Every structure is written in C-alpha cells, then in structure tokens.
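The values are calculated or read from the model by the stated rules, or taken from the named source; none is laboratory data. Just so it is clear, the structure is predicted and the values come from calculations on it, not from any experiment. For neighbour counting, all protein chains shown are included, and Cβ atoms are generated from backbone atoms with ideal geometry for every residue, glycine included. Only protein heavy atoms, including side chains, enter the accessible area calculation; ligands, DNA and RNA are left aside. Shrake-Rupley method; radii C 1.70, N 1.55, O 1.52, S 1.80 Å.
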Amino acid sequence: MIYDGIWVGPNSKIPNVDGIRKELVDHMRKIKAPVVRYPGGCFADSYDWKDGVGPAGKRPRRSNFWGNIETNQFGTNEFVHFCKLIGSQPYLAANVRSLPAEGFYRW
C-alpha cells in the first residue's frame with residue numbers, strides 16, 4: 001500500500017523521512033531486501049510513468065481502476081529515494097497492457 005503505508009507525506013504527523021514512513025524505512029533496512037518492485041500488483045497494468053515524474057504539485061490526479069483518486073504524490077523519484085534509504089535496488093515494472101513497450105524504454 002503506497003498511501004498511508006509507504007507514503008505519508010512530508011507534512012504528516014507520522015514520523016517520516018521526506019514523506020516516507022520512518023518506521024517502514026527502519027524495518028526494511030533490517031530485512032535487507034535486495035530488490036523492490038514498483039509499481040506493484042494490478043496497479044502496474046494501468047500505471048503511466050509520466051504521471052509520476054516532475055514536481056509533485058504538478059502531477060495529474062487520476063481515477064484509478066478501482067475508482068479511487070491517484071494523486072501521484074509518490075512517483076518514480078520517491079520510489080528510487082525509498083530504495084536508496086533502505087539499501088535496495090529499484091525494479092521498475094513495465095505497463096505493457098495499456099501502453100506501448102517503447103514507453104518503458106523512455107522511462
């Protein structure tokens with residue numbers, strides 16, 4: 001779960017490191033996972049990587065597959081930062097269901 005799981009936002013009352021839940025960072029450092037995937041699960045089937053890059057305040061808000069609003073506050077840069085914080089390598093999952101494979105290359 002990204003929102004309220006990994007991402008709580010930099011202004012959250014929940015202790016965080018640049019918006020990423022500190023308790024999770026501490027636990028993930030102990031686990032020493034070599035690789036972490038993003039995006040995960042069914043979300044990858046509809047994720048457009050362009051929505052999660054650039055200034056967070058300018059990223060589009062979209063309704064996702066389940067009818068929830070995706071704010072894109074947690075995007076590629078935040079994911080890579082999370083991986084660096086926990087000592088893992090990022091694994092980017094390509095959406096080739098609804099986007100051309102060339103899009104993954106550009107990501």
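In region 68-89 there is at least one residue matching the filter, namely being part of a loop (DSSP other than H, G, I, E, B), open to solvent by 70 Å² or more (accessible area, probe 1.4 Å) and either modelled with pLDDT of 90 or more or on the phi < 0 side of the Ramachandran plot (or both). Just checking, how many residues over region 32-49 are more than 23 Å from Pro10 (Cβ to Cβ), assigned to a helix (DSSP H, G or I) and in contact (Cβ under 8 Å) with a residue 12 or more places away in the chain? The qualifying residues number 3. The set of residues from region 90-107 being within 14 Å of the chain's Cα centre (by Cα) and either at pLDDT 90 or above or open to solvent by 100 Å² or more (accessible area, probe 1.4 Å) (or both) comprises Pro90, Tyr91. Scanning region 1-17 for residues that are surrounded by 13 or more Cβ atoms within 10 Å (Cβ to Cβ) and either touching an Asp or Glu at 6+ places or on another chain (Cβ under 7 Å) or in contact (Cβ under 8 Å) with a residue 40 or more places away in the chain (or both) yields a total of 6. A count restricted to region 30-43 and to residues that are open to solvent by less than 50 Å² (accessible area, probe 1.4 Å) and aliphatic (A, V, I, L, M) stands at 2.
Output the residues belonging to region 18-29 that are surrounded by fewer than 18 Cβ atoms within 10 Å (Cβ to Cβ) and assigned to a loop (DSSP other than H, G, I, E, B). Correct list: Asp18 only.
Of the residues Arg37, Arg59, which is modelled with pLDDT of 90 or more and closer than 18 Å to Ala93 by Cβ?
Working: Arg59 fails: closer than 18 Å to Ala93 by Cβ.
Only one candidate passes the filter, namely Arg37.
Selection over region 52-67 of residues that are touching a strand residue (DSSP E or B) at 6+ places or on another chain (Cβ under 8 Å) and exposed (fewer than 12 other Cβ atoms within 10 Å of the Cβ) gives a count of 2.
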